[in-house]
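The values are calculated or read from the model by the stated rules, or taken from the named source; none is laboratory data. Bear in mind the structure is a predicted one, so any value in this text is a computation, not a measurement. All Cβ positions, even for glycine, are placed from backbone atoms using ideal geometry, and neighbour counts span all protein chains on display. These accessible areas exclude ligands, DNA and RNA; they are computed on the full protein's heavy atoms, side chains included. Shrake-Rupley method; radii C 1.70, N 1.55, O 1.52, S 1.80 Å.
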Amino acid sequence: GFTPAGRPYLAMQYIRGGSLQNWLEKLAQQGKRLATADSLKIVSQIADALNTAHEAGIIHRDLKPSNILLHPNGTPVLTDLGIAAVRSELTRLTQTGSVVGTPQYMSPEQAMGKSVDGRSDIYSLGIILYQLLAGQAPFAADSPVALLHQHVHELPPPLIEIRPDLAPATYRTVEICLQKEP
């Protein structure tokens with residue numbers, strides 16, 4: 001809407017639980033990680049939200065734990081569509097050759113400045129899933145450029161080596177999400 005003075009505003013629901021990033025930091029301080037069932041539930045619900053966005057032609061492009069807010073009961077809410085791309089025949093807000101997003105969660109095609117679609121968000125969701133299950137992100141580096149290089153050219157450490165207790169379908173889901181080619 002607009003204020004009486006004509007200034008635009010955006011009203012959003014207040015989410016009391018904080019961000020997934022905050023939850024992960026608190027758990028890390030305690031030497032814990034999110035339970036596997038909770039991790040899978042959160043990622044499944046975010047995947048549903050992304051599916052809805054993708055069906056509407058919206059690509060998030062900056063999916064990361066700080067952009068996922070959690071109600072106190074753990075129900076996630078996808079937020080911060082500030083750099084989202086809207087795709088339609090009339091509108092194209094993505095620009096080939098430009099790089100936008102957060103390097104730790106960026107898809108290979110996004111890191112290379114190529115056009116992105118919903119599969120880029122799925123890669124980012126796979127990074128989040130890996131992080132939730134492993135207790136750490138699959139890639140770490142001293143610079144954003146080094147992180148982007150890892151996303152484009154390196155395979156993540158096998159999740160089974162970090163979490164040998166997971167179901168085969170879980171490993172396969174992470175592997176599919178983290179494919180280098182969309």
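General remarks:
- Qualifying residue in region 7-22 (condition: touching a residue at least 40 places away in the same chain (Cβ under 8 Å) and under 21 Å from V174 (Cα atoms)): yes
- Residue that is most open to solvent (accessible area, probe 1.4 Å), among those in region 111-136 that are closer than 20 Å to S44 by Cβ and of a type in the set (A, V, I, L, M): I122
- The condition of being open to solvent by less than 60 Å² (accessible area, probe 1.4 Å), at pLDDT below 95 and assigned to a loop (DSSP other than H, G, I, E, B) holds for only one of G74, G31, that being G74.
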